[in-house]
Amino acid sequence: MKPADERFRALSARLRDFHSLNTAAGLLEWDMEVLMPRAGGEGRALQFGAVMRAAHEIVVADETGRLVAELAEAAGAAAPDDADAANWRWAEREYRRRRRQPAAFVEELAAHCARAQEIWVRARAKNDYALFRPELERMLELKRRQAAYVGDFADPYDAWLEEYEPGMTTASVETLFAALKPGLVALVSAVAGRAEAARLPTLAGSFPVDRQRVFGMEVARAMGFDFERGRLDVSAHPFSAAIGRDDVRLTTRYREELPFSALFGVMHEAGHGLYEQNVSADLRHGPLCGGATMAAHESQSRLWENLVGRSRGFWKRFLPRFQELFPAAAGFDAEGMYRAVNRVERSFIRVEADELTYSLHVMLRFDLERALLSGSVSAAELPEAWAAKSREYLGVVPPDAARGVLQDVHWSAGLLGYFPTYAIGNMISVQLFEAAPKTEDYPVLLAWLRENVHRHGRKFGAEELVRRATGSAISPQPYLKYLSAKYGELYGL
Ligand code: ZN
């Protein structure tokens, strides 16, 4: 038998091929969202499906399985931050998850994701849920089949969750949410009761899109985002796509009357982008190049968007430039801007929600996804179920599908099981921010994040990463404490 290091090299060569195909699929997807003419959808679905199938076949090949089995002992004996051992852990999980999914099924699911996204964009623009519903029904059927292939879990939702948050179970998410929800709901209603008396200002006027773009890019650059290794474009739903650590694509969307929507969108996506750009260079051509888990990823986007962007320090620094670009802000001082960007509103749209209500939007989707998976809510009943949950969690009912069930890209893109990672990311963002040096100097903050989070890529799961960086387990308590202090002061609670 060949020596272990030679076999680790053979495994990592296979994973490099997987990673190349997977990022190529990411580029096809980015192009579909940003540049592709509408008529290209059918061909794109076939291309995407074929590339995803080829990537899948590398992971499930007998040769991968053989290497995974033979190297188990050597990987177990290696240091936890050893790259070969981390590669092996990734391969072991993916081999197990994918081995029982037939290649033809993987191709069919990927093609459907591409097709359904294209139809979702049209349905959302036309505010027409009926147009999207058959695609969602098909998606649910495919994702249920996928969960059944992946294996036996205590809760069928675990199979969906594991794709984005390996190491976490539905039960552990429920525990975190159960600890977060009462405190959040109480805070939101306390704030609602004080909204009249506190009178936080609103910024109104016209904010030309080309200037919003200029400002967003200046902020992203100040955060440390490297535009030599990345770019910013426009899409229906803001996202970031790492085609590699040296090619990171961010997107946003602009509305002339709402300057903060694009600004915080750009800061959010640039937070994801910084994670990708700062993974250690020696991991760059394999599947360890990326965020530890999606919750770890969201901790970075939410940290820059909220803890930096919605802070007093940020507005002290950026207000002069903001006013230069947008005369509508002329009457504001930094304190006024701080108060304006932290207005709490029970609103319909998750990506535009304030920090306080944001996680409630996530819990609504977590409940609905589990109901859709179990079949207790059908695609036909979804708008009604959404309305009921929205009333329960947020106290508002969306007036139409575009501001309700059609607002997120996730269910058209097959990203079921993803939503909980946003709320867990919020919790982690505060834990990391509190462990990082207290500074208004972004390069210093970025250096700490690079050292403690980014450079490790996918070597560790979220729990391990947070423990190494902060000394604590993932917990909702620091997040709740931070929200109480911040909004308590703003609203005089
Ligand atoms: Zn995000």
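The values are calculated or read from the model by the stated rules, or taken from the named source; none is laboratory data. Keep in mind the model is a prediction, meaning the values are calculated, not measured. When we count neighbours, we look across all protein chains shown, and the Cβ atoms used for this are built from the backbone with ideal geometry, even at glycine. Areas reflect the complete protein model, heavy atoms only, side chains present, ligands, DNA and RNA absent. Shrake-Rupley method; radii C 1.70, N 1.55, O 1.52, S 1.80 Å.
Things to note:
- Where helices (runs of 4 or more DSSP H) fall entirely within segment 288-369, those with at least 2 residues that are closer than 30 Å to Lys143 by Cβ are at 294-302.
- Search result, residues across segment 365-390 that are within 25 Å of the chain's Cα centre (by Cα) and either on the phi > 0 side of the Ramachandran plot or not aliphatic (A, V, I, L, M) (or both): Arg365, Phe366, Asp367, Glu369, Arg370, Ser374, Pro383, Trp386, Lys389, Ser390
- Extreme residue, nearest to the chain's Cα centre (by Cα), among residues of segment 237-246 that are crowded, with 20+ Cβ neighbours inside 10 Å and farther than 23 Å from Asp210 by Cβ: Ala241
- Some residue of segment 225-234 being at pLDDT 95 or above, surrounded by 21 or more Cβ atoms within 10 Å (Cβ to Cβ), in contact with a Ser or Thr (Cβ under 9 Å, 6 or more places away or on another chain) and over 19 Å from Met32 (Cα atoms): no
- Just one of the listed residues (Arg249, Arg255) is outside any helix (DSSP H, G or I) and surrounded by 21 or more Cβ atoms within 10 Å (Cβ to Cβ), namely Arg249.
- Residue within segment 260-270 that is more than 12 Å from the ligand (Cβ to nearest atom), outside any strand (DSSP E or B) and not aliphatic (A, V, I, L, M) present: yes
- No other residue among Glu108, Glu92 is surrounded by fewer than 21 Cβ atoms within 10 Å (Cβ to Cβ), more than 17 Å from Leu288 (Cα to Cα) and at pLDDT 95 or above apart from Glu108.
Conditions (1) closer than 17 Å to Val430 by Cα; (2) modelled with pLDDT under 95; (3) under 20 Å from the mean Cα position of the chain (by Cα); (4) part of a helix (DSSP H, G or I), marked per residue:
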{"site": "Arg455", "(1), (2), (3), (4)": "no, no, yes, yes"}
{"site": "Leu465", "(1), (2), (3), (4)": "yes, no, yes, yes"}
{"site": "Ile474", "(1), (2), (3), (4)": "yes, no, yes, no"}
{"site": "Tyr482", "(1), (2), (3), (4)": "yes, no, no, yes"}
{"site": "Ala485", "(1), (2), (3), (4)": "yes, no, no, yes"}
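- Taking segment 432-444 as the range and being under 21 Å from the mean Cα position of the chain (by Cα) and open to solvent by less than 40 Å² (accessible area, probe 1.4 Å) as the test, only Leu432 passes.
- Pairs with Cβ under 6 Å, 6+ apart, first in segment 235-251 and touching a residue at least 12 places away in the same chain (Cβ under 8 Å), second part of a strand (DSSP E or B) and away from the ligand (no atom under 13 Å from the Cβ): Ala241/Arg249; Ala242/Val248; Val248/Gly230; Arg249/Arg231; Leu250/Leu232; Thr251/Asp233
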